[in-house]
Every structure is written in structure tokens, then in C-alpha cells.
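Notes follow the structure.
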Amino acid sequence: MDREVILPREREPSLRIEDFGEVVSCYTEEEAIREASRCLQCKEPLCINSCPVNIDIKKFIAQIKKRDYKGAYFTIREKNNFPSICGRVCPAEYRCRKSCVLTKKDDTFADKKAIQINFLERFIGDYGVRNNLEATSLKDERLSKFKVAVVGSGPAGLSVAGELARYGVKVVIFETLHKPGGVLRYGIPPFRLPEEILDGEIDYLKKIGVKIICSFIVGRTKTLEELFNEGFSAIFLGVGAGVPSLLGIKGENLSNVYSANEFLTRVNLMKAYRFPDYHTPINIGRRIIVIGGGNTAMDAARVAIRLQVMNKITPSVSVFYRRTEKEMPARRLEIEHAKEEGVKFNFLVQPKEFIGDKDGFVKRAVFLKCRLGEEDSSGRRRPVVIKDSDFIEDCDLIIVAIGLKPNQVVTKSVLGKLDINKEGEIIVNPNTMETTFRGVFAGGDIVGGEGTVIEAMGMGKRASRGIISYLLSCGEKFSP
Ligand code: FAD
């Protein structure tokens with residue numbers, strides 16, 4: 001049997017940094033079958049348990065091998081509404097692929113012998129999009145009289161909306177930004193998740209009856225109480241964690257110091273990379289510093305290097321991270337891609353101060369060197385600053401990507417009715433995702449803190465079941 005791992009084709013780094021086109025290609029049919037054929041079909045597959053939504057990975061891979069792509073699509077759809085999205089962005093190297101028995105156990109970075117489950121999922125997801133495969137309708141007449149408001153159109157909100165619509169519930173999504181998708185639209189750049197894939201999934205939701213109202217801030221434009229008074233029987237909050245954490249150091253307010261969310265939103269959502277076709281310019285530095293080690297930092301660095309190349313500036317983007325590469329929370333694939341594209345990495349360093357010119361534009365960054373100390377609560381070794389280790393780096397643009405906090409516009413508008421924890425995350429019953437405010441459910445990053453797309457979708461799916469039980473149990477009370 002062919003045991004050679006089949007990796008998807010990728011565009012040449014020197015070419016791909018000239019545009020925002022997708023980097024990784026989809027498997028061809030032949031490649032997908034060869035890769036699926038490597039699966040050992042374990043009696044007790046570990047991969048399924050390590051998937052946050054327990055997709056029957058063994059089954060869909062066996063279906064690919066038999067060329068039953070439609071069957072494979074519906075196997076995945078039982079647990080995951082958006083395989084073409086998750087197949088592109090899921091951190092499989094830390095989840096299903098890591099637990100694949102073919103993974104070499106002694107090297108944390110080398111899961112390259114594992115079955116490439118995420119790329120097989122993408123192959124099937126794209127097949128579903130291309131062939132307009134629709135999940136079976138589960139229409140229940142008892143539910144068709146209900147209207148549910150979904151606040152936020154990120155993966156959690158989209159997942160709830162899709163599930164409820166399948167059961168015949170009328171769903172309206174309210175979204176603050178002018179386009180739906182949440183982080184999938186404004187955070188993850190199109191070279192990782194092309195817009196047409198996201199648009200295809202959103203169009204499908206519209207086709208099954210989901211209404212989407214953009215430029216609408218729940219908590220400001222209308223309160224939760226007002227939505228209930230307008231006839232919504234239940235509300236789902238999927239408002240995410242979109243508020244950037246700040247460093248709190250001198251010089252952070254200088255011009256050309258961006259939070260990564262602001263930078264990425266301007267480029268991805270507002271299309272600054274297509275200026276002047278789109279009227280959203282952005283300052284592009286000659287020496288760009290990115291601070292952080294997560295997915296957001298990698299996306300910011302890879303976007304920044306593309307902007308430099310597209311504007312004929314010699315690329316110079318450097319990531320500064322306070323731990324070592326081993327502790328970086330970013331996906332391995334993104335780190336490798338960033339390196340291939342010319343992003344430089346500096347480990348065990350922490351910013352101390354930013355220094356500007358007389359006009360208030362950032363010109364230099366002062367860093368301190370660190371060493372690794374004891375493990376912290378996340379299980380990673382804590383960075384410890386080395387005294388008097390200051391050094392200076394010249395720069396003219398800094399992007400800060402050190403984490404995100406919950407968005408509290410909604411929660412603050414109903415203080416006292418909705419319990420939140422000290423981090424500002426909404427407290428829910430983990431089985432039903434119901435909050436302490438009757439009829440209000442929540443999921444995604446606003447519940448679990450910064451997480452992943454598949455986790456947000458999983459919570460959305462659980463919440464949809466909670467909402468359906470709630471609607472059925474309160475049918476009389478809420479009948480219009
Ligand atoms: P979000 O995606 O944040 O969506 C929330 C939506 O709610 C937003 O559109 C927001 O505008 C809207 N909203 C907020 N308040 C209101 C309001 N009051 N009224 C109306 N609408 C409101 N995860 C992965 O698995 N793989 C990756 O590769 C990956 N890369 C990432 C890259 C970046 C740059 C970032 C920031 C995150 C990344 N993540 C990744 C994490 C992942 O995207 C999130 O965990 C996920 O998007 C959370 O989904 P959500 O639906 O809870 O929230």
C-alpha cells in the first residue's frame with residue numbers, strides 16, 4: 001500500500017506574497033483518494049475523540065476511498081456545518097492529526113506522517129460547495145411559528161442560524177459590521193480563507209431562509225428587551241472576543257502603532273490591499289514589527305509582508321515573541337508559511353517602550369530579553385525578564401497582537417440579568433448554552449474566551465439544540 005503522505009500543493013512563496021490569492025490548493029480527486037487510502041481505519045480511532053465536535057473521521061475517510069464524496073459530505077455535516085471553512089482553518093496539527101496513530105510521537109512538530117484529515121475535510125467541503133449539496137431539512141411544524149434573533153455572524157452565530165433554519169425556525173442575524181462572517185471575514189485573510197468560500201456558505205444560509213441585518217449593534221441600536229418585545233422568542237449571543245488586549249507601555253498611543261484587529265480589519269474587511277479601487281488606504285511601513293505569537297500575529301505579519309511587496313517596498317517584517325517557538329500558540333502551518341514568506345522571528349523578547357519622532361510617529365521600539373521560568377496555568381513556561389537587557393530596534397510600524405478580550409456591548413446593556421465571569425465571558429449551562437437571562441443563549445468566544453472556529457461552531461450547534469428544547473417547552477407562552 002502507498003504509505004507516502006500526500007501534502008496539498010502550495011504556491012511558491014516568492015509568488016504568493018505578491019497578492020492575496022489562496023496559498024494552499026485543494027486535493028485533486030486522485031490525491032484525496034491516495035491520502036484516504038493511507039488511513040488504517042483503527043478499531044478505536046483516537047482522531048474522533050480529539051475533534052471538538054467528534055466528526056466521524058474514520059467513516060468519512062472510508063467514504064472518500066470508495067469515491068462516495070456525497071456520503072462523506074453528509075457524514076461531516078452531521079457534526080460540522082461548514083467543512084470547507086474548517087478544512088482550511090482548523091488547527092488539526094494540535095487535534096485530530098496529533099492523535100492519529102501514524103503521527104511520530106517523539107517530535108511535537110512532526111505530525112507529517114499523520115493522515116492529513118483537515119485537507120481531506122476541505123476536499124469534501126469544497127465538493128459540497130461546488131455541487132450545491134444541501135443538508136436535509138428537518139422541518140418541524142411546531143417550530144415554524146417561532147422567530148429567533150442571532151447576535152453576531154461569526155462561526156458561532158452562523159452555526160446556530162443554519163441549524164435552527166433547518167428545523168424551520170425563522171432566524172434573523174444581527175451584525176455590527178457591514179458584512180457578515182465575524183473573524184472569518186475581518187480577521188483571517190483571504191489567502192487562508194477566500195471570500196468566495198465564506199460567501200458561498202452565507203448564501204446557502206440565506207437560501208434556507210436566514211435573514212441577515214448588518215450595521216446593527218445589539219445593545220445600542222436595539223436592546224435585548226426590545227428584540228423580545230418585537231416577537232423574538234429566544235436570542236443567541238455570539239458576539240465573540242473582538243476587543244484587543246493592550247501592552248500598557250509608554251508610546252503605545254503613537255501613530256502607526258496598530259492593534260492587530262484594527263490592522264487586519266482595515267486590510268481584510270475594508271480591502272485596504274486593493275486601494276485605490278477601495279477607498280481605504282493604510283500606512284505601510286518599511287520596517288514592521290509584530291508583537292505576539294498566535295494566529296493573529298501570524299496573519300498580521302503575512303498580511304504586512306504582502307502589502308510591502310505589492311507596494312514595491314523591500315520586505316522587512318519581524319515578529320517578536322516573549323517565549324520560544326515551541327510555546328507559540330499559532331498553528332504550525334502558519335508559522336512555517338510565515339517563515340517561507342520571509343517573516344523574521346525573534347524569541348524571548350518583550351517590548352518595554354515605543355519611541356516616536358517629533359510628529360508623534362513611532363520610530364523605535366525598546367525590548368527586554370527574557371528567559372523561560374516555571375510553567376504557568378496554561379502549561380507553558382512563563383517568560384522571565386532579564387534585568388538590564390534592553391536593546392533597541394528601528395521601525396516605522398508596529399502591530400500589537402497579544403490577545404483578545406470579550407466584546408461587552410451587549411452584556412453591559414443588561415447588567416444584573418446576565419451573569420458574566422471576571423474576564424467578562426458569559427456564564428452558560430454547558431449542556432444547553434442557556435445564560436442566566438431566560439430565553440437568552442450564548443456561545444463561541446464570548447463564552448469560552450479566545451478559542452477556535454470549530455469550537456465556536458460546536459457551541460453553536462449545542463445552543464441550537466438548547467434553543468429548540470426551550471422553544472418547544474415554552475411553546476404556549478411564546479406563541480405569536
Ligand atoms: P467572532 O468570529 O468574533 O464573531 C462575532 C461577531 O459578532 C463579529 O462579527 C462582531 O462584529 C459581532 N458583534 C459583536 N458585538 C455585536 C453586537 N453588539 N451586535 C451585533 N453584532 C455584534 N481559529 C481557528 O480555528 N483557526 C484559525 O486559523 C484562526 N485564526 C484566527 C485569526 C485571527 C486574526 C483571529 C482574531 C482569530 C483566529 N481564530 C482562528 C479564532 C477564531 O476565529 C475564533 O475563535 C472564532 O471566530 C470565534 O467565533 P465567534 O462566532 O464566537 O466570534
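The values are calculated or read from the model by the stated rules, or taken from the named source; none is laboratory data. Note that the coordinates shown come from a computational prediction; the quantities given were computed from them, not determined experimentally. Here the Cβ positions follow ideal geometry from the backbone for every residue, glycine too, while neighbour counts run over all protein chains shown.
Number of residues in region 164-193 that are of a type in the set (Val, Ile, Thr), more than 8 Å from the ligand (Cβ to nearest atom) and buried (at least 22 other Cβ atoms within 10 Å of the Cβ): the value is 3. Considering the conditions (1) modelled with pLDDT of 95 or more; (2) within 14 Å of the ligand (Cβ to nearest atom); (3) more than 21 Å from Lys363 (Cα to Cα); (4) buried (at least 20 other Cβ atoms within 10 Å of the Cβ), Leu269 is excluded by exactly one of them, (4).
Quick check: is even one residue across region 236-244 more than 23 Å from the chain's Cα centre (by Cα), among the small types (Gly, Ala, Ser) and either within 10 Å of the ligand (Cβ to nearest atom) or at pLDDT 95 or above (or both)? No, every residue in region 236-244 fails to be more than 23 Å from the chain's Cα centre (by Cα), among the small types (Gly, Ala, Ser) and either within 10 Å of the ligand (Cβ to nearest atom) or at pLDDT 95 or above (or both).
Looking at Pro315, Pro329, just one residue is surrounded by fewer than 22 Cβ atoms within 10 Å (Cβ to Cβ), in contact with a Gly (Cβ under 6 Å, 6 or more places away or on another chain) and in contact (Cβ under 8 Å) with a residue 40 or more places away in the chain, and that residue is Pro315.
With the structure loaded, tell me whether Ile467 is in the same structural domain as Ile284 (by TED's automatic domain parsing), of a type in the set (A, V, I, L, M) and either in a helix (DSSP H, G or I) or surrounded by 15 or more Cβ atoms within 10 Å (Cβ to Cβ) (or both) or whether it fails that test. Full working, then the answer.
Values: in the same structural domain as Ile284 (by TED's automatic domain parsing): no; of a type in the set (A, V, I, L, M): yes; either in a helix (DSSP H, G or I) or surrounded by 15 or more Cβ atoms within 10 Å (Cβ to Cβ) (or both): yes.
Considered against the rule, which asks whether it is in the same structural domain as Ile284 (by TED's automatic domain parsing), of a type in the set (A, V, I, L, M) and either in a helix (DSSP H, G or I) or surrounded by 15 or more Cβ atoms within 10 Å (Cβ to Cβ) (or both), Ile467 comes out as no.
Every test in (1) buried (at least 20 other Cβ atoms within 10 Å of the Cβ); (2) more than 26 Å from Lys369 (Cβ to Cβ) is passed by Asn295 save one, and that test is (2). Taking the listed residues Ser84, Ser50, Ser37, Ser99, the one that is closer than 28 Å to Leu307 by Cα and of a type outside the set (D, E, K, R) is Ser84, with no other qualifying. I'm trying to understand the selection: among the residues of region 336-380, which are part of a strand (DSSP E or B), in contact with a Lys or Arg (Cβ under 7 Å, 6 or more places away or on another chain) and farther than 24 Å from Asn256 by Cα? Residues satisfying the conditions are Cys370, Leu372, Gly373, Glu374, Glu375.
For region 194-224, give me each residue that is at negative phi, more than 11 Å from the ligand (Cβ to nearest atom), surrounded by 14 or more Cβ atoms within 10 Å (Cβ to Cβ) and over 23 Å from the mean Cα position of the chain (by Cα). Correct list: Ile208 only. Mind checking which residues of region 130-159 are among the small types (Gly, Ala, Ser) and within 25 Å of Gly71 (Cβ to Cβ)? Scanning region 130-159 gives Ala135, Ser137, Ser159.
Of all residues in region 404-413, those being within 13 Å of Thr223 (Cα to Cα) and away from the ligand (no atom under 11 Å from the Cβ) number 0. The set of residues in region 245-264 that are within 12 Å of the ligand (Cβ to nearest atom) and surrounded by 18 or more Cβ atoms within 10 Å (Cβ to Cβ) comprises Ser259, Ala260, Asn261, Phe263, Leu264. Of the helices (runs of 4 or more DSSP H) lying entirely inside region 1-96, those carrying at least 2 residues that are under 30 Å from Asp299 (Cβ atoms) and without any contact (Cβ under 8 Å) to a residue 60 or more places away in the chain are 13-16, 46-50, 69-77, 83-89.
Checking each residue in region 143-163 for being outside any loop (DSSP other than H, G, I, E, B) and either within 6 Å of the ligand (Cβ to nearest atom) or not small (Gly, Ala, Ser) (or both) picks out Leu143, Lys147, Val148, Val150, Val151, Pro155, Ala156, Gly157, Leu158, Val160, Glu163.
Filter region 56-83 down to residues that are within 14 Å of the ligand (Cβ to nearest atom) and not aromatic (Phe, Trp, Tyr) and give me whichever is farthest from Met459 (Cα to Cα). Don't jump to the end; show me each part of the working.
Filtering region 56-83 for residues within 14 Å of the ligand (Cβ to nearest atom) gives 80-83.
Then drop every residue that is not not aromatic (Phe, Trp, Tyr), which leaves 80-81, 83.
Values: Asn80: 11, Asn81: 12, Pro83: 16 Å.
By that ranking, first place goes to Pro83.
Set side by side, the residues Phe123, Phe119, Phe146 differ, and just one is touching a strand residue (DSSP E or B) at 6+ places or on another chain (Cβ under 9 Å), in the same structural domain as Asp56 (by TED's automatic domain parsing) and not hydroxyl-bearing (Ser, Thr, Tyr), which is Phe119. Checking each residue in region 403-419 for being surrounded by fewer than 19 Cβ atoms within 10 Å (Cβ to Cβ) and in a strand (DSSP E or B) picks out only Lys405.
Gly360 - would you say it is touching a residue at least 60 places away in the same chain (Cβ under 8 Å) and either in contact with a Phe, Trp or Tyr (Cβ under 6 Å, 6 or more places away or on another chain) or not aliphatic (A, V, I, L, M) (or both)? So Gly360 fits the description; yes. One residue stands out in region 210-233 among those that are of a type in the set (A, V, I, L, M) and touching a helix residue (DSSP H, G or I) at 6+ places or on another chain (Cβ under 6 Å): the one that is farthest from Val409 (Cα to Cα), namely Val210. Filtered by the rule that a residue be among the basic types (Lys, Arg) and surrounded by fewer than 24 Cβ atoms within 10 Å (Cβ to Cβ), region 109-163 gives Lys112, Lys113, Arg130, Lys139, Arg142, Lys145, Lys147.
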